[in-house]
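Below is one structure, written out as structure tokens; comments come after it.
Just so it is clear, none of the values below were taken in a lab; they were calculated from the coordinates. In this text the structure is predicted, and so the values were computed from the model without any measurement. Here Cβ is always computed from backbone atoms with ideal geometry, including for glycine, and neighbour counts include all displayed protein chains.
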Amino acid sequence: MGELATKHIAGTKTGSKEYIRTTELFFDKVFGSTKEFSRDFATKKGVFVAESIDVTYINNKTISFTSEKDKKNFIKQAPETKTAFLNGKFKGSKTKDQVRHTHITKTIEFGGQPVGSKKESKGTIFEREFTNRMKECINGEVCKGKYAEAASWLIGQLQKGGKKPIRDIKQLGGQNASRPFEVQGKQPYVAPIKHQDHGKVLTDIDVIHENGTKTHLSAKLGPSLTFMNPGSKTIFTDQDVKDHDISTHKGIGLLEMCGLDEDAFCNTFNNFGKPAQQKKNLKHSGSKKVNKTILQNFVKTAMGSNYWMVHAKDNAQNEVNMYFMDPIDVENKYSKITSEVMVLYGGSTGTGKRIDIQFSNAHFDFNLNIRSKAGGTTYPTNIMLDYKTKEIDGKVTY
């Protein structure tokens, strides 16, 4: 559970409509109508009942706000806020006290989580909200609010004009099974080995039809998209990289598939942060000759098929991109590599603790990257296939 930051009470400073809203809410909870607003704030020390607000600005001047008529001045000066204190009492106490704004819990009304709840990612929240919209649609309720148009359109597609009526919709987020990196012979793949079998593994939402069949939905949120992110420690350990000894079957398969030089690979991480390494990384980077058939077969399993992609763009319009990952398309044009394969040691600048392998076709731009997802960690933890969509058959946006 987090606490409020200065941006939450700084009004228009960041240009965010959300922070303008929370700034007004901060004031209204203290002085607004008690029919609409509670004077209670959750804090690190318990529930605090606020009576007034003291604000210190970046010029070190402090102003006390004591009534609702001060709101216009409070909002106008909010972008200059340095710190704020609520004046009042902790519930159950008769003693006057103060609470700094950074000690106030960011509860659900401020865009956070309810006290005592488990923190949810924005992606999980999207899965739940989209599931709820779809349930409203199939139950004959008024399907309105966030993602309503997208949910209604998708229901129509999945019911197939009444030929496949829907019985239920279940959110499965967090339950999807592991998709590890494996190698069979010289062919790396993301398990299971058949891309047609991935829909039931990577699903976030299942649509259950009256005939017992299921339609699988992969729900994604925001601009950063990835098809897969298996851990890398079963492929090579930190010590393997330090010793320049990538000798496991999986490790050799990965290096060969991507056209990676073992020493250049290991030095990218072993010498991270050293000024001379950037020049070496850039020297080794560039177009590489690879066996495209092997790389394409890997991409098929990384993408998977037999599921609907449901991608919320996380914009003000709450737009959602939707398209079906058809097995025929994944087998052929979606996985086909029509560009050069570019290897970037240290990323695009040569200074990063990562290696990017970039390639594309008419439908997707791919970036297969080997890097650490853990803060403060230099050596790789994951292999990810990030992507951006271009021309996708049947793709709609609502």
> Where a ≥ b ≥ c are the square roots of the eigenvalues of the C-alpha gyration tensor, would you call the stretch 1-111 rounded, which needs a/c under 1.5, or, failing that, prolate if a/b is larger than b/c, or oblate?
Replying inline: rounded
>> Explain nothing, just the number: dipole magnitude of the chain about its Cα centre with +1 on each Lys and Arg Cβ and -1 on each Asp and Glu Cβ, in debye rounded to the nearest 20.
In response: 900
>> Angle check, please: helix 17-31 long axis (alpha carbons) against the longest principal axis of the chain (alpha carbons), in degrees 0 to 90, nearest 10.
In response: 30
> Quick one: net charge of VAL190's neighbours, Cβ under 13 Å, K/R +1, D/E -1?
Replying inline: +2
>> Using each residue's phi in the stretch 208-222, evaluate 6.51 cos²θ - 1.76 cosθ + 1.60 at θ = phi - 60° and report the 3J(HN,Hα) Karplus result to the nearest Hz, with x for Gly and Pro.
In response: 9, 8, 4, 7, x, 6, 10, 10, 9, 10, 9, 9, 10, 9, x
> Taking Cα atoms, how many degrees apart are the long axis of helix 249-258 and the longest axis of the chain, rounded to 10 and kept between 0 and 90?
Replying inline: 90
> Here are some pairs, LYS214/LYS388; LYS279/LYS390; LYS146/LYS390; LYS122/LYS160; LYS135/LYS200; LYS146/LYS388; which of them have Cα atoms lying more than 29 Å apart in this structure?
Replying inline: LYS279/LYS390; LYS122/LYS160
> GNM, the chain, Cα, under 10 Å: largest mean-square fluctuation among GLY88, GLY199, GLY350?
Replying inline: GLY88
> So what are the ³J(HN,Hα) numbers for the stretch 304-313, from phi and the Karplus equation (6.51, -1.76, 1.60; θ = phi - 60°), rounded to whole Hz, Gly and Pro as x?
Replying inline: x, 8, 6, 7, 9, 8, 10, 10, 7, 6
> Just for the chain, what percent of DSSP beta bridges are antiparallel, to the closest 5?
Replying inline: 95
>> Show me the GluC sites (Glu not before Pro) within the stretch 326-398 that DSSP assigns to loop and that have at most 14 other Cβ atoms within 10 Å of their Cβ.
In response: GLU340, GLU391
> So for the chain, what percent of the C-alpha to C-alpha distances run longer than 38 Å?
Replying inline: 40
> For all pairs of alpha-carbon atoms in the stretch 199-265, what percent lies in each bin of width 10 Å, listed from the first bin to the last filled one?
Replying inline: 17, 31, 20, 21, 9, 2
>> If I measure Cβ to Cβ between cysteines in the chain, which ones have no partner under 4.7 Å?
In response: CYS258, CYS266
> Pairs LYS7/LYS82; LYS233/LYS288; LYS7/LYS96: which are spaced more than 21 Å apart, C-alpha to C-alpha?
Replying inline: LYS233/LYS288; LYS7/LYS96
> Counting other Cβ atoms within 10 Å, which GluC sites (Glu not before Pro) in the stretch 1-45 have at most 12 and lie in a DSSP loop?
Replying inline: GLU36
> So what is the 222 nm mean residue ellipticity for the chain from helices alone, if each DSSP H run of at least 4 adds -39500 (n - 2.57) and you divide by all residues, rounding to the nearest 500 deg cm²/dmol?
Replying inline: -7500 deg cm²/dmol
> Based on the Kirkwood radius over alpha-carbon pairs, what value in µm²/s does the Stokes-Einstein equation return for the translational diffusion coefficient of the stretch 251-385 at 37 °C and 0.692 mPa s?
Replying inline: 202
> Going by how many other beta carbons lie within 10 Å of each one, how would you line up LEU225, LEU158, fewest first?
Replying inline: LEU225, LEU158
> Helix 148-159: angle to the longest alpha-carbon principal axis of the chain, degrees 0 to 90, nearest 10?
Replying inline: 40
